[in-house]
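Comments concern the structure below.
The values are calculated or read from the model by the stated rules, or taken from the named source; none is laboratory data. Note that the structure is a prediction, hence the values are computed from the model and not measured. Because the Cβ atoms are built from the backbone with ideal geometry, glycine has one as well, and the counts that use them run over all protein chains shown. When the accessible area is computed, the model is the full protein with side chains, heavy atoms only, and any ligands, DNA or RNA have been set aside. Shrake-Rupley method; radii C 1.70, N 1.55, O 1.52, S 1.80 Å.
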Amino acid sequence: QVGRLLDELEKLGVADNTIIVLWGDHGWQLGEHGMWCKHTNFEVASRTPLLIAAPGVEGGRVSRRLVEYVDVYPTLCDLAGLPKPSHLQGKSMRPLLADVNATHKEAVITRHGGGDAVRTDSHRYMEMHTKNGAGELKGVGLFDLEKDPDENQNVAEDPAYAEVRAKLESMLEAQRVTWKK
């Protein structure tokens, strides 16, 4: 269907002046971590496809930088030359469209049910709470994505990761404060 849409844009003569954003739903766990679902904060369930094509943007490149779907709206504003409303969350990905290795975000956040997670290039830290994140802490997970990209070894209690855990806990808490506003 994507090909049909692109063909029609060509037929209409607007393909060279059209911004296209294609994204998909989050992943599905097929037994990973003992779950058969897509409603978790693990990488396999939170990683999603995102493709952007726009006038003046070189195609055929891949960026490995961390982005969030809240970054799509400010990106579209930038690409279309529109002012960004003051209520916008997220950060424009336009610099990444120019240079796939540009600096973007230090971390991204995922939430599902009672779980919140912060993901950096090298680690993911997760907390599970009762009452949709507002209640008692039920458990934590810290994963070294460089050594364990499948997130099978929880190192949250490993003293060697105490500094990383403290930093990510702090980042997650700073984000939670903004949700309460």
| task | Along Cα→Cβ, 7 Å out, is where each label goes; now give me the distance between the ones at Leu145 and Leu51 in nm to one decimal. | result | 2.2
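Based on the Cα coordinates of the chain, what is the per residue volume of their convex hull in Å³?
Numbers: hull volume 26.8 nm³, N = 181.
Per-residue hull volume (Cα only) is 148 Å³.
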| message | I want to check the label-to-label distance for Val21 and Lys84. Put each point 7 Å from Cα in the C-beta direction and report it in nm to one decimal. | response | 1.2
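Give me the accessible area per residue for the chain, probe 1.4 Å, as a whole number in Å². Mind showing how you got there, number by number?
On the way: 11500 Å² over 181 residues.
With all protein chains present, the chain gives 64 Å² per residue.
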| request: Sort Glu169, Glu10 from largest to smallest accessible area, using a 1.4 Å probe on the heavy atoms of the protein chains. | output: Glu10, Glu169
| said: Tell me the relative contact order for the stretch 58-181 as a rounded percent, counting alpha carbon contacts under 8 Å between residues six or more apart. | reply: 16
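Show Lys138, Lys147, Lys91 ordered by accessible area, largest first, where the area counts protein heavy atoms only and the probe is 1.4 Å.
Numbers: Lys138 135, Lys147 160, Lys91 90 Å².
Descending accessible area places them as Lys147, Lys138, Lys91.
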| To the nearest 0.05, what FRET efficiency results for Asp99 and Val14 with a Förster distance of 25 Å applied to their C-beta separation? | 0.40
| aspartates and glutamates within cross-link reach of Lys105: Cα-Cα under 19 Å, excluding same-chain residues under 8 positions apart? | Glu43, Glu68, Asp71, Asp78, Asp116, Asp121, Asp144, Glu146, Glu169, Glu173
| Accessible heavy-atom area order of Leu79, Leu137, Leu168, highest first, probe of 1.4 Å | Leu137, Leu79, Leu168
